[in-house]
1. Could you tell me whether any residue of the stretch C:41-62 is without any contact (Cβ under 8 Å) to a residue 60 or more places away in the chain, at the interface with another protein chain (Cβ under 7 Å from one of its Cβ atoms), within 22 Å of A:Val655 (Cβ to Cβ) and not charged (D, E, K, R)?
2. Restrict the check to the stretch A:542-551 and report whether at least one residue is assigned to a helix (DSSP H, G or I) and within 11 Å of chain C (Cβ to nearest Cβ).
3. Restricted to the stretch A:625-638, and to residues that are among the β-branched types (Val, Ile, Thr) and more than 9 Å from every other protein chain (Cβ to nearest Cβ), which residue is farthest from C:Val68 (Cα to Cα)?
4. Taking A:Leu232, is it in a helix (DSSP H, G or I), over 18 Å from A:Ala148 (Cα atoms) and of a type outside the set (Val, Ile, Thr)?
5. Only one residue in A:Gly350, A:Gly378 is surrounded by fewer than 21 Cβ atoms within 10 Å (Cβ to Cβ) and in a helix (DSSP H, G or I). Which one?
6. Residues being open to solvent by less than 10 Å² (accessible area, probe 1.4 Å) and either within 15 Å of C:Tyr96 (Cβ to Cβ) or more than 14 Å from the chain's Cα centre (by Cα) (or both): count how many of those fall in the stretch C:10-21.
7. Only residues that are among the hydrophobic types (A, V, I, L, M, F, W, C) and outside any helix (DSSP H, G or I): list them for the stretch A:519-533, please.
8. Can you pull out every residue in the stretch C:50-84 that is open to solvent by less than 20 Å² (accessible area, probe 1.4 Å) and among the aliphatic types (A, V, I, L, M)?
Amino acid sequence: MASNTAEVPRKAGGPAGWISVAVPAALFAWFLQYVGPVSEGEQILLGIDWVPSMDIRLSVLIDGLSLTFALLIAGIGTLVTLFSTAYLGKHPDYPRFVLFLMAFMVGMLGLVLSDNLIALFVFWEVTTISSYLLIGFDNASAKSRRSALQALLLTGAGGLALLAGMILLGHVAGTFELSEILTQGEAIRAHPLYVPIVILFLLGAFTKSAQFPFHFWLPNAMAAPTPVSAYLHSATMVKGGVYLLARVNPALGDSELWFWTLIVAGGFTTVFASLLAIRQTDIKQVLAYTTLMALGALTLFIGTGSPDAIKGMMVFLVVHSLYKAALFLMIGIVDHETGTREVDRLRGLGRKMPLTFLGGALAAISMAGIPPFVGFIGKEFLYKAGLGHEQATVWITGTIFAASALMFVAAGIAVLRPFTGRLSDTPRPAHEGPWVMWIGPLILGALSLGFGLFPDMVERFLVAPGTWAVYGDYDYTVDLYLFREVNAAFLLSLATFATGIVLYLVHARLRAALARIIAANPVKFDPGWDRLIDGIKALAAWQTRHLQSGVLQRYMLIVFATLTVALGGTIWAQGALDFRIDFAAEFDGLLFKHWAVLIFITAGALLTAYTGSRMTAIAALGVVGIGVALIFIMFSAPDVAITQLLVETLVVVLVAVAMLKLPNLNLGDEPRRPGHAVLSIATGAVVSAVLIAVLQGDLDRRITDYFEVASWPDAYGRNIVNVILVDFRALDTFGEIAVVVIAALAAYALLRGTRYGGDAADKDGGR
Amino acid sequence: MVNSIILNAATRLLVALLLLFSVFMLLRGHNLPGGGFIGGLIGATGFILYAIAQGAEATRAALRVEPQNIAMVGLGIALCAGGFAAFFGEAFFTGQWLFIGETEEDKGLPISSVLVFDIGVYLVVFGSILTLVLALEEEV
Amino acid sequence: MELMVAIMVGVLVAAAVHLMLARNVLRFIFGLILISNAANLTIFVSGRLTAQSPPLIPEGADAPLGDVANALPQALVLTAIVIGFGLFAFALTLVYRTYQNLGTLDSDEMRLAEPREGEDHA
């Protein structure tokens, strides 16, 4: 439901709005101060101990990679939240939206800045959960809820795999500090646990960054409000997986397994996603699939691992975040002002929305990779890396070629078509949005152009430090340029443009053809997911039906049978019990009073079990209790005996009081079940056997001896039992008295509930 | 509530005696059988006797404080006694001792965080049991 | 005596298990009391039985004179008795309240949360 809070008229989001803009803006300014030192090759380590006993530190590592991410997160965050003040500012749940978005930002910043693996994991999960809340923001829609749950389950499962991988890695490296792990690459790669570690890390990264075959959640996640798509599902969160791969590359990279898995999964995702992007008619979905393509390309280049590839990866990371956030914001404006995102219904918006068009066009040109935009530089380096690689030249270059050409088409579909030509009819008459909306795409588009014109700046402050961090080599020089010579990479770029233009001209037919192919394909991931979830639910229901029967007797039967078999089996298998029990010696030592107590208790117990009258049962229980107290008295435990006697009295008082209100049921009408009798006797016999086995062994009195010696000199007490309770083991006692209080309060609440709300259950049909 | 003159007359005396005895058991507990658990149980028994003779309502009036509050205060006292060691830089629940009038031969009157802890235990047991019994008694 | 107590504990457990397998929850509670007693005795006996020498340190001595009873299991059992009482009191209240609301002491008929197949929640 859209919440029942009264609709408070808010201008531009109210206080929640400006706070949400000010926080990322301030963070952005704060991170800027580190740009200088980091560009000199410095690594900044800050931190405090969080859980020292488990070696978990809240430590921050600022190097080229994490700083680039932090600047993107805070910078794009500022523009996105500014955009949201107009896009969602009048939504009744806007403050909640801001809360989720801020929580996400904290998580994401923590994720990229953490130097401790466990802290990194905690923040990783924060982003998963806040992403879930944001995708499901429109919680009245079943589609949003399903998409949110799908994203949560998939990335959450990946997160668990990642946690396991992190624990193994920490075990192998002997530390959870990334800055220390990254220097131990050789040793980690040689360790037998290397393969499981890589697989677990890849599961985490691939689910988060939506790599094939875990790609299907990302397009569904577009059910989220557009600012969320722009922020989480293109610029930041989905790059978390890429970040992780880049981060651990110095430790885990540089092996056949790493190389082939990453380039195959990345390359496949790249081509597959760019084809599906062309297939879409909803521009937001087009952008969603191009994001998948970009993530695939980033993965591919981390896997390739050559300096050129890492450099290309870093450039492309920045480039993609800039243009993709701009395009998402652009489609957000179009959607907000015209009421549709369907590519066939939008034409000629350029004249009505010139500033939006300008921002979108700048971003789209960068995405298409046309010079002098930074997108061109990024593509150029990707080609160079592909051509320079010895093992998989064709695969890497080919996938990048196909993807770049298709990107060109996608850019045309997303911007050229809607904004040019004759104005079409839209659900709402098109008009320009407020400045807070178009400022974002405009700034990001301008940066795409500016970075392309001045590549030195990007190189020095972002790409070079980032490349050092991922490549793990701080002596390597990074050189970015727009154009230097006509070489193979440049020629490939020209071929890309030609292919792209041809494909754009025929894209309507291409889309139809793709639709036919996809319709014919029997493997469908999304419905497959539903079947998986249904299967798990059916399994849960099946096992619940069988194990959780809801019958108390059956539960007790299972518990006692398990106890008997496990204890008895262990004793028998270990041969722990010596059956040559010397009864003669035992009987010699027994006095009359011993016999009397034994008989008393045994008779009381048997009487309680077999009597049909509840008064007899209570009396018999009293006999047992007093008998036990007598044992305590006879064997030198005065404190225990007094306690037992007092408690026994209280039990009788309580039972007597309760009996006044309980029915005088005939306890004897219980059906006689031979099976129960057999199990009872067996359990009793096994407990006796265990106890006798214990008594046959030696008693380790070390702790008792210590207490006896220390009780007076150290704790100034002559009653050793009391000293143990209130001094040596006071923490235990504290826990125990807390339990007593809780039991009393719980019982009190139960009784009071009877008095004041006792028939509530009947009134609303509780039965 | 039981209408018995003997019981009514006897309880007045017995409650006071049991309460006094419970405090005695509490205080001597560190050196002889006794302590907070036993003291609390004896004290509670005294008031339960009173409740049987005079009714739960009268017992609550005689207690003046709700028994569940007594239990919670006791828990708080025990916690404070445990945390007290932190002021001296020692581990949680390390006993702290002060001997008033200490001489060469005699340790004088000992006051300790351990005794405070035992008083907390006493109040918890006393309060919890009365909470239970009084609530159940009022039900019936 | 230890051996005989061990056998007696077995009898207590057998009786308790038999009671706890019953459908009547009142019998279940009686079983609970018995099994608590059995558990306390188990702990007590496994520290061995020593007659007539409680774990006290006489005036003027720094440690107990001669062999005294094992103090550790005594301390454990003492708190266990009090906790067992708390558990018992809570269980009894629960049974009491259940009986008032559902009108039965038969655990098979207490199916508010998990109705039988075919039965309606309402």
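The values are calculated or read from the model by the stated rules, or taken from the named source; none is laboratory data. What you see is a predicted model, and the numbers here were worked out from it, not measured in a lab. Every residue, glycine among them, receives a Cβ derived from its backbone with ideal geometry; neighbour counts consider all protein chains shown. Side chains are part of the model used for accessible areas, which takes the heavy atoms of the whole protein and leaves out ligands, DNA and RNA. Shrake-Rupley method; radii C 1.70, N 1.55, O 1.52, S 1.80 Å.
1. yes
2. Yes, there is a match, as at least one residue in the stretch A:542-551 is assigned to a helix (DSSP H, G or I) and within 11 Å of chain C (Cβ to nearest Cβ).
3. Per the criteria, the residue is A:Ile626.
4. The answer is no for A:Leu232.
5. Going through A:Gly350, A:Gly378 in turn, just one is surrounded by fewer than 21 Cβ atoms within 10 Å (Cβ to Cβ) and in a helix (DSSP H, G or I): A:Gly350.
6. Residues flagged as open to solvent by less than 10 Å² (accessible area, probe 1.4 Å) and either within 15 Å of C:Tyr96 (Cβ to Cβ) or more than 14 Å from the chain's Cα centre (by Cα) (or both) within the stretch C:10-21 amount to 1.
7. Within the stretch A:519-533, just A:Val523 meets the criteria.
8. C:Ile57, C:Ala61, C:Val68, C:Ala69, C:Ala71, C:Ala75, C:Val77, C:Leu78, C:Ile81, C:Val82
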